[in-house]
1. Select from region 240-289 the residues that are in contact with a Pro (Cβ under 9 Å, 6 or more places away or on another chain) and among the small types (Gly, Ala, Ser) and write down the one among them that is surrounded by the most Cβ atoms within 10 Å (Cβ to Cβ).
2. Going through region 288-326 one residue at a time, which ones are farther than 20 Å from LEU382 by Cβ and either among the basic types (Lys, Arg) or modelled with pLDDT under 95 (or both)?
3. Would you check if there is a residue in region 215-229 being crowded, with 21+ Cβ neighbours inside 10 Å, within 30 Å of ASP385 (Cα to Cα) and within 20 Å of the chain's Cα centre (by Cα)?
4. Condition first: away from the ligand (no atom under 13 Å from the Cβ) and on the phi > 0 side of the Ramachandran plot. Now tell me which residues in region 105-129 satisfy that.
5. Can you confirm whether PRO117 is assigned to a strand (DSSP E or B) and either surrounded by fewer than 24 Cβ atoms within 10 Å (Cβ to Cβ) or in contact (Cβ under 8 Å) with a residue 40 or more places away in the chain (or both)?
6. Kindly indicate whether any position in region 82-96 is farther than 24 Å from MET157 by Cβ, within 15 Å of the ligand (Cβ to nearest atom), outside any helix (DSSP H, G or I) and open to solvent by 10 Å² or more (accessible area, probe 1.4 Å).
7. From the list ASP357, ASP361, pick out the single residue that is in a loop (DSSP other than H, G, I, E, B) and more than 23 Å from SER294 (Cβ to Cβ).
Amino acid sequence: MKSSTTNLLEGVPTLDRPLTTPPPIPASGRERAAELLESGLVFRYGETGASELDAALLEDEFATLLGRKYCIATNSCGAAMAVALRASGVQVGDGVLMNAFTLAPVPGAVAHVGAHPVLVDVDRDYRIDLASLEREATRSGASVLLLSYMRGHIPNMVEAMRVCDRLGLRVIEDCAHTMGADWAGAATGTFGHAACFSTQTYKHVNSGEGGLVVTDDDDTAAQAILLSGSYMLHEQHGRRPPIEAIERHRQGTPNWSMRMTALTAALIRSQLPLLPERRAKWRVSYHLIAAALSDTPGLRLPHRPAAEGFAPSSIQFSLDDIDAASMQRWLDQCAAHGLHVKWFGRDVPLGFTSRFDHWSDASPSDAAQTAAVLEGLCDIRLPLDLSATDCATISTIVDAVTRKILAEGTR
Ligand SMILES: *Cc1c(COP(=O)(O)O)cnc(C)c1O
């Protein structure tokens, strides 16, 4: 039975485009991919000296871009995180501190190394809560933090690193949503012992799948190369630690076969130079929508300090005054106008939403502050080709639907 709420609202436009359009692969990437396909050389390694091949070049370029010593390419960010955790010393049975608001591959990586998540709350602005971090670190004794910049929200990194240093925590950054972003001019991915990036289609660079680990530590880099599945062809890596470091770990480090293909590397290389331009475009869309929604009653946008150089491939806001039953009507009404919004308060995960009580054996009371934040949290993807008119349409729909649902009365 269709409810009356799905009727169109008068005078409110309809969005006539999907928000899932990926950016195309630039011509240079398509040309290089065609060469690789023609030659058949799609594996990252050659039998002899393939250090000039794409994955090695990408590792060198990405390490240079971030100013880090080493970069190891993998087949996904989830794989990169598992590699980084193990190579940073996480053992079977350990607890790993991590944001309670993140995506399922983050706890998945923790599970991969036989460890278990120790949930840390997020604050009302969707960033890790440093008081909760301190409590959970002290309570659990865990010594590694997998710090997720979920949906691109970056905490005050000066304060965060001060707390981590004081607690003796080793930090691994999950930069799946912050490639090209920074805190006060320092790029995300340069703060932790190691950092992981994603090049999955809906992140900042589109290669279908792909991951990158960066670190400055010789032993971590050596283990990451071996874990990624280097078949002892580490000489062919674009950035590799001294051979003695490899020698220290070649015995006893498993081969997880998580390599990146040359084809993937070629697609990524063609897009790295576009990161600043993409970030600028995304920020224009974000600010257009955020400004238009700043007066919408009952709708709260996160506070984002000037130091947060975010690169927003999506926008989030909270509808704290709308209860769960009314949220369904809110979502249906937006959908009727062509706008499909993700809602993290849903009981069952749908699409790319996920909640800690879906992917772990935790219950909502284990991270009560995060559970409350997720209740009203809405998420809209911002494709790179969004026009100013599309942004206006999105904000007009969200504003009108929110006013209507509030006027109908909730709670
Ligand atoms: C997408 C995502 C990942 C994992 O990336 P994959 O490359 O898909 O494995 C990790 N963390 C966050 C926050 C993500 O959104």
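The values are calculated or read from the model by the stated rules, or taken from the named source; none is laboratory data. All figures in this text were calculated on a predicted structure; none of them were measured in a lab. Counting neighbours? That spans all protein chains shown, and the Cβs are built from the backbone with ideal geometry, glycine included. Note: areas computed on protein heavy atoms with side chains; ligands, DNA, RNA excluded. Shrake-Rupley method; radii C 1.70, N 1.55, O 1.52, S 1.80 Å.
1. Per the stated criteria, the residue is SER285.
2. Result: ASP320, ASP321, ILE322, ASP323, ALA324, ALA325, SER326.
3. Checked region 215-229: no residue is crowded, with 21+ Cβ neighbours inside 10 Å, within 30 Å of ASP385 (Cα to Cα) and within 20 Å of the chain's Cα centre (by Cα).
4. Once the filter is applied, which keeps residues that are away from the ligand (no atom under 13 Å from the Cβ) and on the phi > 0 side of the Ramachandran plot, region 105-129 yields only GLY114.
5. So PRO117 passes the test.
6. No; the residues of region 82-96 include none that is farther than 24 Å from MET157 by Cβ, within 15 Å of the ligand (Cβ to nearest atom), outside any helix (DSSP H, G or I) and open to solvent by 10 Å² or more (accessible area, probe 1.4 Å).
7. ASP361
Per-residue answers, yes or no, for (1) modelled with pLDDT of 95 or more; (2) at positive phi:
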{"position": "SER198", "(1), (2)": "yes, no"}
{"position": "GLY210", "(1), (2)": "yes, yes"}
{"position": "ALA221", "(1), (2)": "yes, no"}
{"position": "ALA224", "(1), (2)": "yes, no"}
{"position": "GLU235", "(1), (2)": "no, no"}
{"position": "THR253", "(1), (2)": "yes, no"}
{"position": "MET260", "(1), (2)": "yes, no"}
{"position": "GLN271", "(1), (2)": "yes, no"}
{"position": "ALA280", "(1), (2)": "yes, no"}
